[in-house]
Amino acid sequence: MHAYLTAAMFTLMGFAFVASTLLLSRLLRPSAPNPDKLETYECGPLPVGDAWQQFNMHYYLFALLFVVFDVEAAFLYPWAVAYKQVGLYAVVEMILFVGLLGFGWAYAWRRKALEWD
Amino acid sequence: MAAANMTAGQDRRAVAAGQITAGVILLAALLALASVGYHAVERVRDTPVVAFIGEHPLLNAFAKSFIVANFVTLHVLFLIWWERKFAGWMQARLGPKHVGWNGLAQTVADAVKLLLKEDIIPAKADGRLFVIAPFLVFMPTLLTFMVLPFSASWVGYNFGLGALFALAVSTNVSLGILAAGWGANNKYSLLGGARACAQVLAYEVPLAITVLAVVAVSGTVSLVDIGAQQSRWWNIVAHAPVMIPAFVLFLICALAELNRTPFDLPEAESELVSGFHTEYSGMRFAFFYLAEFANNFFMAGLAVTLFFGGWFGPLLPGPVWFTIKTVGLVTAMMWIRWTVPRFRVDQMMGFCWKVLVPASLVVFCASALWGMWVQR
């Protein structure tokens, strides 16, 4: 319970810190906007079009792989704390589990899911 | 002509070396002061008022978060000065010199300048996301410091799942970076933010698995307990065959998580201007910079806790030792930064998925076996 209270307090403190500094800055800084200043920066020339347009980010497969491997890591944390009490059986189970994942990983590589282009 | 140039270069190098020496002397004085300060704080801890605050859960949490927030902000002032000085030394130039003794107050002057700068939100930007992004970057950064043990008792909270919590929270920084990249409606920013997100997510996997290797050897996830086990031998010494490869993997992944060279693709200045914070100015920009350096300290601190004996060391008190080791590791990261050139995007992703992920799984299995049979 105290852990969550402390975590909430740290988050709140982070928010308050940024907010109060920005507020202080707002009181001190000048403000003289003009259209040229508010233009999107593209190294001098006038920007062509929006940045918000469709392009292939190629993240979908990486996101899938990430979920698989990160969930695996999250599963293995409790295992890593307790496996010394369980003994050989636990180690064999873990190596089987990681081996299965390794098989999936090799399949992904074979299907060229790990290429970035 | 060439000879004259060479002597000039040597002179400059000598001056820079002199400045580094001065910095080291200053550091020694700081350490002495810090030790005295530590004992003073320990004495103040016993007074009834502070004891009362410590007992009260809400006041306790408030006081701790307030102290940590101040530490996070102020240590960055020193780290930025140190990075610039160190970079100057590596490139045979002087670095900051004029504001304060050896340019020590340069970062303070920079902070004041940023505070007084006009704030520009581009007309085409998504105003809300643009404003929220610095919060999203700074809040998780501060939250990670909650579980970082400066000593057995100098820790925000001895969280049972500390290591996992630290990894989970520190990844959230990429959310803020993505918000900044998308919100600015600038092509450079968008590419930088997208790269940062892909990179942080990809390197999170081997990072989590290498931390898992340490957890398997230690048998606990709490950072305080992992640190406390190393009172005699550091992990990297006691379990050298598995922990040295684990540390190398950890360092590579940490550099990528921190968007630091050779993995600074999200803000690659030669191709993306300055990446996701291209459109930011003034204090909002300062928070990205602050969070970057604070994260750097945090990752180094995590490595110190996991591999380098945490707060244990002779003579000086625990928190001081922890800080020395951490700043040493941060300096090593700076060294890498000014030595190694930047990766290309496809190389960076390929290196992670094809080399680091299988390597970290192998190291993890090896340390599980090591913990099972050799350690006993």
Filtering segment B:132-170 down to residues that are among the β-branched types (Val, Ile, Thr), free of Cβ contacts under 8 Å to residues at least 60 places away in the same chain and either under 22 Å from residue B:308 (Cα atoms) or at the interface with chain A (Cβ under 9 Å from one of its Cβ atoms) (or both) yields B:169
All but one of (1) more than 10 Å from every other protein chain (Cβ to nearest Cβ); (2) surrounded by fewer than 22 Cβ atoms within 10 Å (Cβ to Cβ); (3) in contact with a Phe, Trp or Tyr (Cβ under 9 Å, 6 or more places away or on another chain) hold for residue B:219, so report the exception by its number.
(1)
Working carefully through the options B:364, B:322, B:276, B:298, find the one that is part of a helix (DSSP H, G or I), away from chain A (no Cβ under 14 Å), crowded, with 23+ Cβ neighbours inside 10 Å and touching a residue at least 60 places away in the same chain (Cβ under 8 Å).
B:322
Qualifying positions in segment B:325-361 - within 14 Å of another protein chain (Cβ to nearest Cβ), assigned to a helix (DSSP H, G or I), of a type outside the set (Asp, Glu) and surrounded by fewer than 20 Cβ atoms within 10 Å (Cβ to Cβ):
B:345, B:347, B:350, B:351, B:354, B:355, B:358, B:359
Just give me the residues in segment A:26-43 being surrounded by 11 or more Cβ atoms within 10 Å (Cβ to Cβ) and touching a Phe, Trp or Tyr at 6+ places or on another chain (Cβ under 9 Å), in sequence order.
A:41, A:42
Just checking, does segment A:44-64 include any residue being surrounded by 13 or more Cβ atoms within 10 Å (Cβ to Cβ) and either more than 9 Å from chain B (Cβ to nearest Cβ) or in contact with a strand residue (DSSP E or B) (Cβ under 8 Å, 6 or more places away or on another chain) (or both)?
yes
Can you say whether residue B:309 is on the phi > 0 side of the Ramachandran plot and either within 14 Å of chain A (Cβ to nearest Cβ) or of a type in the set (Val, Ile, Thr) (or both), as far as the supplied structure shows?
no
In the set A:18, A:81, which member is over 22 Å from residue B:167 (Cβ atoms), facing chain B (nearest Cβ under 8 Å), surrounded by 14 or more Cβ atoms within 10 Å (Cβ to Cβ) and of a type in the set (A, V, I, L, M)?
A:18
Going by the conditions given, is residue B:272 modelled with pLDDT under 90 and either under 28 Å from residue B:357 (Cβ atoms) or β-branched (Val, Ile, Thr) (or both)?
yes
Residues in segment B:253-273 that are within 16 Å of residue B:361 (Cα to Cα) and more than 13 Å from the chain's Cα centre (by Cα) total 0
Single residue of A:98, A:67, A:92 found to be under 30 Å from residue B:345 (Cα atoms), in a helix (DSSP H, G or I) and more than 7 Å from chain B (Cβ to nearest Cβ):
A:67
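The values are calculated or read from the model by the stated rules, or taken from the named source; none is laboratory data. Fair warning: this is a prediction, and the values are worked out from it, not measured in the lab. Cβ coordinates were reconstructed from backbone atoms using ideal geometry, including for glycine residues, and neighbour counts include every protein chain displayed.
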